[in-house]
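Trainee: This is the structure I have questions about; it appears just below.
Coordinate-derived values only; no laboratory data. These figures come from a predicted structure and were not determined experimentally. All Cβ positions, even for glycine, are placed from backbone atoms using ideal geometry, and neighbour counts span all protein chains on display.
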Amino acid sequence: MSHLTPPRQLPEPDADAPNGTTAEDTSAAPVHEEAVKEPEPAPTAEAEESAEATASDPASTDEPDPSDGTADSSVRPGWFGWRRRFPRTARGVSVGTSVLAGVLVLVVLLIPNRLDRITPQSFFRLPVEAIFLAAVLLVLPSRARRITAVVLGAFLGLSTVLKCLDMGFYQTLARPFDLVFDWVLLSNGVDFLKDSLGRSGEVLVVIGVIVLVIAVLVLSALAMVRLADLMARNRPVAVRGTLVLGTAWIVCFTMAVQPGGVTIATKGYSQYLSNKVQYVREGLGDAEVFDKELRVDAFADTPSDQLLTGLRGKDVLFTFVESYGRVAIDDPTMAPEIDKTLKEGDARLKSAGFSARSGWLTSPVTGAGSWLAHTTFLSGLWVKNQQRYRTVTTSDRASLTSYFQKTGAWRTVGIVPGVRKSWPEGTYFGLDNIYDSTHLGYQGPYFSWTPVPDQFTLEAFQKLEHGKKDRDPIMAEIILASSHNPWSPIAHMIDWDDLGDGTVFNKIKAEGTNPTEVWKSAKRVRTEYRKAIQYSLDSLVQWVQRYGDDNTVLVMLGDHQPVPTVTGGSANKDVPITIVAHDPKVLDRVAGWGWTDGLKPAADAPKWGMDQFRDRFMTAYGPQKK
């Protein structure tokens, strides 16, 4: 049956074998392997980067599928093999992650540091910084590229956190965060959260902020690494794209292309960083400048018997009304009600034999930072930051209040219900006695941030100092805090005889507004602010009407404008100031100032820097030149 056996299949000739021999034949030849094996070419840098980038992107790997029997079922490649089972989904996730990384970096570069400037148009721009970052990452070798991407991503995250701080400061103080001086204010912000939201709310917010900061730093770094690897895998396309975008940026910048008013070619992020560096330089050099200003005091060598001679025998009260700014008088939505309050106040004062004159001062701060305004007013120096405040309050520079103390003709006291902690700086202001929130006898509730309602504060001053018999003249610094942000809930006037220990305010607070609800609407915030200012003004005017006498001299002023939610983002820092007196000779001394008669300053009334008041006041009430 051998003829039925199929013929033997001869091997096909091997095209690579010499003389047409078959592969089978050549395999039998005793050839040394070293003689025929060609050396493998060394991998190029591009190949290394491509392989590394491919390894870093699980979506691009060709993973075996355990289900086809070609791999050990105990091995679960990828994320449990899902990328192999769902290749389209894996590809979508990979592309989506890259897109999100790019969007995140662009948002970080383009987002403004003020909430009122964030618009859709803000993000339809071409930042030169993105082009520069792409160029840097493309020219770096693999390992250096990865490290640089992490560092740059973290830096972008830090700048994002700084921009968020700027947003918060613009919303409250109408200025950016100061990298040199403002760190101490963060603790004040935490205290404000505790007063507004309670201890639990404070802890939750702080934890949330910390987690958010860490998340921003990590996500920014990961985003930069992702984009760096993507460019490495697609180097030719990335290089061409970078060159095209760079050229487009130069053309748009040179020709000032602005479709729809939007500047396409922007370098805003670089300008932002440059401004921050400049602020830091100025801040670091500010100490030397301020030290020179601190040494100049026109009254330092004036004998005590020649100081404030025009006020001898008078009770002089310097009273700050928290957040009482020009907006309360000028804004058309608040002006009618405030104007009515001021006119009624004028009538009350006139019926009690008092007269008033008013002008404007420009505060160094807005939104918050009352202590800086108070120190500016009393020291005669422009105290615009925390470093200046510390420098002044630890120096021997005399304040307006300490000059009263220096004469020996007044008992000097401070009524500061907003102080709830140790206040060592208080000794600088030359006060014989300081009454904080724990010394006023108040047993009622807090009204949000405000520890003691203004009416009760003034009544406590009457009982503790002003109402005493056979006393020396008093010079008092009084802080009225009911008009402090957040203005909800607020107290309202009651019969002075019903104030008692303050527990009567429990019912009044329960009937008040909820700050959480109020701050959902800018209109409601402005309404509550206006009511708070009216309450403070009514408390002060009624106190003068009720307890003032022939020797009462009241200097009433706002410390700063309220937050931008109320001012509408205005940069104006003016506050009203008024001098009220029963003795006409007191106001005659300031007749040359050109101030407006009454409690409301005219729009064109003189305006001075708050630091100028001390010397002008001491000159007006010092020995008169003949």
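Trainee: What is the distance in Å between the Cα centres of the range 507-586 and the range 267-345?
Mentor: Each part's Cα centre sits 17 Å from the other's.
Trainee: Then there is this: Taking the Cα centre of the range 95-281 as the origin and placing charges on Cβ (Lys, Arg +1; Asp, Glu -1), which of S274, V205, V151 is farthest toward the positive end of the dipole?
Mentor: Going by the Cα projections, it comes out as V151.
Trainee: Angle between the Cα long axis of helix 183-233 and the longest principal axis of the chain, 0 to 90 degrees, nearest 10?
Mentor: Result, in degrees: 30.
Trainee: Sticking with this one: Using 0.36 nm per residue, how much length does the chain from D396 to V136 gain when fully extended, once their Cα-Cα distance is taken away?
Mentor: In short, 88.2 nm is gained.
Trainee: Here's a follow-up. Sum -39500 (n - 2.57) across every DSSP H segment of at least 4 residues in the chain, then divide by the residue count to get the 222 nm mean residue ellipticity, nearest 500.
Mentor: The helix contribution divided over the chain gives -15500 deg cm²/dmol.
Trainee: Once each part is reduced to its C-alpha centroid, what is the distance from the range 150-167 to the range 123-147 in angstrom?
Mentor: Taking the Cα centre of each part, the range 150-167 and the range 123-147 sit 17 Å apart.
Trainee: Follow-up. Using alpha-carbon pairs under 8 Å, 6+ residues apart, how would you state the relative contact order of the range 110-260 in percent?
Mentor: Value for the range 110-260: 35 percent.
Trainee: Figure the gain on full extension for S274 and R471 (residue separation times 0.36 nm, minus the Cα-Cα span) and round it to one decimal in nm.
Mentor: 65.0 nm
Trainee: Further question: Taking the Cβ of T407 as the centre, find all other residues whose Cβ is under 13 Å away and add up their charges (Lys, Arg: +1; Asp, Glu: -1).
Mentor: For residues surrounding T407, the net value is +1.
Trainee: Here's another thing I want to ask about it. Express in % the proportion of alpha carbon pairs of the range 258-363 at distances exceeding 15 Å.
Mentor: Considering the range 258-363, 84 percent of its Cα-Cα pairs are separated by more than 15 Å.
Trainee: In what sequence do E517, E293 fall when counting other Cβ within 10 Å, fewest first?
Mentor: E517, E293
Trainee: Among F461, F124, what is the fewest-to-most ranking by other Cβ atoms within 10 Å?
Mentor: Exposure proxy ranking, most exposed first: F124, F461.
Trainee: Which value, in Å³ per residue, describes the convex hull spanned by the Cα atoms of the chain?
Mentor: Dividing the Cα hull volume of the chain by its residues yields 269 Å³.
Trainee: Moving on to the next point. Over all alpha-carbon pairs in the range 205-259, figure out the percentage whose distance exceeds 18 Å.
Mentor: Counting pairs separated by more than 18 Å, the tail of P(r) holds 60 percent.
Trainee: Now a separate question. Projected area of the range 235-275, taken from the Cα convex hull and averaged over every viewing direction, in nm²?
Mentor: Orientation-averaged projected area of the Cα hull: 3.9 nm².
Trainee: Tally Lys/Arg at +1 and Asp/Glu at -1 over every other residue whose Cβ is under 10 Å from the Cβ of L537; what's the total?
Mentor: Net charge around L537: -3.
Trainee: Next question, about the same structure. Where does each of 136-146, 373-383 land if you order them by average Cβ count within 10 Å, highest first?
Mentor: 373-383, 136-146
Trainee: Additional query: Put a dot 7 Å past each Cα toward the Cβ at D191 and A347; how far apart are the dots in nm?
Mentor: 4.1
Trainee: Rounded to the nearest 0.05, what FRET efficiency is calculated for V211 and K340 with R0 set to 45 Å and r the Cβ-Cβ distance?
Mentor: Efficiency, from the Cβ-Cβ distance: 0.40.
Trainee: So if we plug the beta-carbon distance of A298 and V95 into 1/(1 + (r/R0)^6) with R0 = 56 Å, what FRET efficiency do we get, rounded to 0.05?
Mentor: It comes to 0.20.
Trainee: Next question. About the Cα centre, and with charges only on the beta carbon of Lys, Arg (+1) and Asp, Glu (-1), how big is the dipole of the chain? Nearest 20 debye, please.
Mentor: 1900
Trainee: Taking only Cα atoms, what is the 0 to 90° angle, nearest 10, from helix 370-379's long axis to the longest principal axis of the chain?
Mentor: The two axes meet at around 50 degrees.
Trainee: Could I ask something else about it? Taking only Cα atoms, what is the 0 to 90° angle, nearest 10, from helix 522-547's long axis to the longest principal axis of the chain?
Mentor: Around 20 degrees separate the two axes.
Trainee: Which listed residue (P236, G369, G325) has the Cα farthest towards the positive end of the charge dipole for the chain, taking +1 on Lys and Arg C-beta and -1 on Asp and Glu C-beta about the Cα centre?
Mentor: My answer, from the dipole projection, is G325.
Trainee: Give the percent of DSSP beta bridges with both residues in the chain that are antiparallel, rounded to the nearest 5.
Mentor: 40
Trainee: Can you find, among V108, G426, T263, the residue sitting farthest towards the positive end of the charge dipole of the chain, where Lys and Arg contribute +1 and Asp and Glu -1 at Cβ?
Mentor: After comparing all options, I get G426.
Trainee: Using the 10 angstrom Cβ neighbour count as an exposure proxy, how do F354, F181 rank, fewest first?
Mentor: F181, F354
Trainee: Right, here's the next one. Report the per residue volume, in Å³, of the convex hull enclosing the C-alpha atoms of the range 95-281.
Mentor: Dividing the Cα hull volume of the range 95-281 by its residues yields 148 Å³.
Trainee: Now, a different point. In nm, what is the difference between 0.36 nm times the number of residues separating R616 and D495 and their Cα-Cα distance?
Mentor: 39.7 nm
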